[in-house]
1. Which numbered condition in (1) out of contact with any strand residue (DSSP E or B) (no Cβ under 6 Å at 6 or more places or on another chain); (2) farther than 24 Å from Phe260 by Cβ is the only one that Gly81 fails?
2. Out of all the residues in the range 125-136, is one or more touching a Lys or Arg at 6+ places or on another chain (Cβ under 9 Å), open to solvent by 60 Å² or more (accessible area, probe 1.4 Å) and in contact (Cβ under 8 Å) with a residue 12 or more places away in the chain?
3. From the list Tyr207, Tyr268, exactly one residue is aromatic (Phe, Trp, Tyr) and within 14 Å of the chain's Cα centre (by Cα). Which is it?
4. Determine, yes or no, whether Tyr140 is farther than 14 Å from Val224 by Cα and buried (at least 18 other Cβ atoms within 10 Å of the Cβ).
5. Look at the range 104-147 and say how many of its residues are over 21 Å from the mean Cα position of the chain (by Cα), over 25 Å from Asn211 (Cβ atoms) and of a type in the set (A, V, I, L, M, F, W, C).
6. Answer with yes or no whether Met18 is among the hydrophobic types (A, V, I, L, M, F, W, C) and modelled with pLDDT under 95.
7. Name the residue, out of Phe186, Phe233, that is farther than 24 Å from Ala264 by Cβ, of a type in the set (Phe, Trp, Tyr) and in contact (Cβ under 8 Å) with a residue 40 or more places away in the chain.
8. Would a scan of the range 182-192 turn up a residue that is outside any helix (DSSP H, G or I) and not polar (S, T, N, Q)?
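The values are calculated or read from the model by the stated rules, or taken from the named source; none is laboratory data. Here the structure is a predicted model, which is why all the values come from computation and not from measurement. Quick reminder, even Gly has a Cβ in these numbers, built from the backbone with ideal geometry, and neighbours come from all protein chains shown. The area values use the complete protein model at the heavy-atom level, side chains included, leaving out ligands, DNA and RNA. Shrake-Rupley method; radii C 1.70, N 1.55, O 1.52, S 1.80 Å.
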Amino acid sequence: MSFRTVVISNRCKLDLRMNHMVVRGDKPIKVLLDEIDILIVENPAVSFTGCLLEALIAKKVKVIFCDSQHNPQSELVPYHGSHDCSRKIRNQLKWSPKLQGEIWTMIVKEKIRKQGDFLADLGYGAEADMLRGYITELTYRDATNREGHAAKVYFNKIFGMDFTRERETAVNAALDYGYSLILSVFNREVAGNGYLTQLGFFHDNIYNPFNLSSDLMEPYRILVDRIVYQHGFTKFETEEKHAVLEVLKNEVVINHSRQFLPNAIKIYVKSVFDALSYEDAEQVAFYE
């Protein structure tokens, strides 16, 4: 089973040799393809061979390309993530709107619950109780926007009363970076299961090619929040980005077993698709 997150920071050439990715820089390095889960290319001067790209796609390795500032800019997504993707997409178009709404409501509830747990861990009992109260007020598809109210209380408490997600700060840069990493993992799992990332339950921005992944990832944002809070970034450069990258090494409990984050996401995404296929929302498995 693949388990490595490989980061390429320096200018080099990447090619394929006997099921290994060869990093040809000052000193050649070989990495077994079967061990690579995520490949992050931080330097735009890195070059690939077509043979390696083909092999990475075949192995379903998530490849993330960064810009000159080391920020995630794009990713490698195969056209066909599953042998029966045409059938999967037809089924996706027939998913019950009511069931999608139920699952979205569950996702929002789980996100608020995890935000409350984080506040409780930090000793903010009153605010944690407030978020638990929002959960009891949650209605179908969060018609009263309890998610928005919870977010205001949550972010103001952990990052300060003057915090806003619109401001250009080191904290927001770190959050955006971490969220983009998580989103990329979700994109891989959605595409790998043969479904379209564009068609979401709640997110439906015509300019967002990852609406479904944006829906599914919501409860996992808190894992990024925890790391950013822990480090208290005042700047966000290469070293800080590598610190946020550690989120992919997190272990969580899902389905009564401890899993590294990418594998937990795999289990969770599959459970959502099973719930939609069998029309049973109870099959959705959230991490603890």
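1. Every condition holds for Gly81 apart from (2).
2. yes
3. Numbers: Tyr207 fails: within 14 Å of the chain's Cα centre (by Cα).
Among Tyr207, Tyr268, only Tyr268 is aromatic (Phe, Trp, Tyr) and within 14 Å of the chain's Cα centre (by Cα).
4. Working: farther than 14 Å from Val224 by Cα: yes; buried (at least 18 other Cβ atoms within 10 Å of the Cβ): no.
In short, no.
5. Start the filter on the range 104-147 by keeping residues that are over 21 Å from the mean Cα position of the chain (by Cα), which leaves 119-146.
Within this subset, residues satisfying the condition of being over 25 Å from Asn211 (Cβ atoms) are 119-133, 136-137.
Restricting the remaining residues to those that are of a type in the set (A, V, I, L, M, F, W, C) gives 119-120, 122, 126, 128, 130-131.
Qualifying residue count for the region: 7.
6. Details: among the hydrophobic types (A, V, I, L, M, F, W, C): yes; modelled with pLDDT under 95: no.
Spelling it out, it is not the case that Met18 is among the hydrophobic types (A, V, I, L, M, F, W, C) and modelled with pLDDT under 95.
7. Working: Phe186 fails: farther than 24 Å from Ala264 by Cβ.
After applying the criteria, what remains is Phe233.
8. Scanning the range 182-192 turns up no residue that is outside any helix (DSSP H, G or I) and not polar (S, T, N, Q).
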